[in-house]
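Contents: one structure, followed by commentary.
The values are calculated or read from the model by the stated rules, or taken from the named source; none is laboratory data. Everything numeric here is computed off the predicted structure, so don't read it as measured data. Cβ sites come from the backbone with ideal geometry, for glycine too, and all protein chains shown count toward neighbours. Each accessible area value is taken on the protein alone, full model and side chains, heavy atoms only, with ligands, DNA and RNA left out. Shrake-Rupley method; radii C 1.70, N 1.55, O 1.52, S 1.80 Å.
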Amino acid sequence: MKIMSVVGARPQFVKLAPIAQALTADGHEHVIVHTGQHYDPMLSDVFFRDLGIPEPDAHLGVGSGSHGAQTGAMLAQMDEVLERFQPDCVLVYGDTNSTLAAAVSAVKLHYPVAHLEAGLRSFNRAMPEEHNRVLTDHAADLCLAPTEVAVGHLAHEGLAERTVLVGDVMTDVLFQVRDAVRTSDASNPLADLDAADGYYVATIHRAENTDDPERLREVVDALAEVDRPVVLLAHPRVRAKAQEHGIDLDTGALTTRDPLAYPELIAAVLDSAGVITDSGGLQKEAFLLRVPCTTVRRETEWVETVELGWNVLANTSSEITAAVTRPAPRPTDEAPYGDGHAAVRAVSAIVEGLSR
Ligand code: UD1
């Protein structure tokens, strides 16, 4: 089959890596389209390099913009890209504006669409990602679900017949990179910190935490108060918003660094005392590495991490401080995110479900 992957943002490159491997191993033709939603080298190029992903076959170069402008710029270019490559199927990833744009343009031109990481729900309709994922699931011909919970959401919305449980492809890549990090000389880039009792790794980038200056100040103040150094791997969005509102991100326990490449991030998290984040992927990565996580949100799509005690949702300043300093969670050998072979299953499901 000729399968087109459309990606544009950092977490999508991580998910693309095991899919690209599995497609090549199974002898398929793989066309990669990069929308250009993320363009900073540390948010894009390093992932292709470190995870061995082939160069994109097409680059739309859309860059940043309001939701409508960014999504519209992708839509405007996708018709030509689809007609040029004529794939048998278009594979879209996760819940970004790139996901929605690719799904909508493909279904309009009658190309079959598979959605990887289908069925996740936060039930928070103020999140742009929630609209992206719901609309994409309902446009898709095949919903590739990462968890039983996601399968349940899709069934509840009448999509059971289009759904296949494949597991979580981020588990595939995480296990590969974790093992490579453990057996190589790759060093933890945060080892230079003066942190005798350990440190926390933090990422904060979601609009709900960054765009309102009062909210950003509340999160920053909470992180500045905790009991160990907190290293904020600052996404350009949080840096830009902090500068715009005169908020100092290097204050108290809190210090900033630039975002890390994937293997360095995994090395830094493995050595840390905990993770503090509003990212979806990092919550799960912390769980899979058995590092306690505090999620700076009111809800999560990855409910299993919370149910198993390794992730705590914390929204207010006092909730954040209490969650970060809580006692260690109970060990578990549950594996709600699959066995590290989800990409192979996803490729089989696409071949079985969408071959014409
Ligand atoms: C996007 C996704 C989010 C995902 C995140 C991963 C949507 C709606 N959101 O959020 O689901 O978790 O990617 O990181 O698609 N910027 C740069 N350089 C870049 C990219 C962005 O400086 O390479 C800055 C720009 O100021 C831009 C802002 O970050 O306006 C936001 O970027 P955008 O792509 O709109 O969303 P993210 O916050 O990255």
inquiry  = Here's a check for you: in the range 89-120, which residue that is away from the ligand (no atom under 14 Å from the Cβ) and assigned to a loop (DSSP other than H, G, I, E, B) is nearest to the chain's Cα centre (by Cα)?
reply    = 118
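For the range 239-248, how many residues meet the condition of being hydrophobic (A, V, I, L, M, F, W, C) and either open to solvent by 60 Å² or more (accessible area, probe 1.4 Å) or within 15 Å of the ligand (Cβ to nearest atom) (or both)?
Of the residues in that region, 2 qualify.
The rows are residues; the columns are (1) small (Gly, Ala, Ser); (2) in contact with a strand residue (DSSP E or B) (Cβ under 7 Å, 6 or more places away or on another chain); (3) farther than 28 Å from residue 255 by Cα; (4) more than 16 Å from the ligand (Cβ to nearest atom).
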{"position": "165", "(1), (2), (3), (4)": "no, yes, yes, yes"}
{"position": "173", "(1), (2), (3), (4)": "no, no, yes, no"}
{"position": "183", "(1), (2), (3), (4)": "no, no, yes, yes"}
{"position": "189", "(1), (2), (3), (4)": "no, no, no, yes"}
{"position": "205", "(1), (2), (3), (4)": "no, no, no, no"}
query = Does residue 276 satisfy the condition of being touching a Ser or Thr at 6+ places or on another chain (Cβ under 8 Å), in contact (Cβ under 8 Å) with a residue 24 or more places away in the chain and of a type in the set (A, V, I, L, M, F, W, C)?
reply = yes
key: Among the candidates 295, 305, 300, residue that is closer than 21 Å to residue 147 by Cα, open to solvent by less than 30 Å² (accessible area, probe 1.4 Å) and either away from the ligand (no atom under 16 Å from the Cβ) or out of contact with any strand residue (DSSP E or B) (no Cβ under 8 Å at 6 or more places or on another chain) (or both)   = 305
request  = Among the candidates 12, 86, 37, single out the residue that is open to solvent by 10 Å² or more (accessible area, probe 1.4 Å), within 10 Å of the ligand (Cβ to nearest atom) and either closer than 25 Å to residue 135 by Cα or at pLDDT below 95 (or both).
outcome  = 37
inquiry  = Looking only at strands (runs of 3 or more DSSP E) that lie completely in the range 147-238, which have at least 2 residues being out of contact with any Cys (no Cβ under 9 Å at 6 or more places or on another chain) and assigned by TED's automatic domain parsing to the domain that holds residue 293?
reply    = 200-203, 230-233
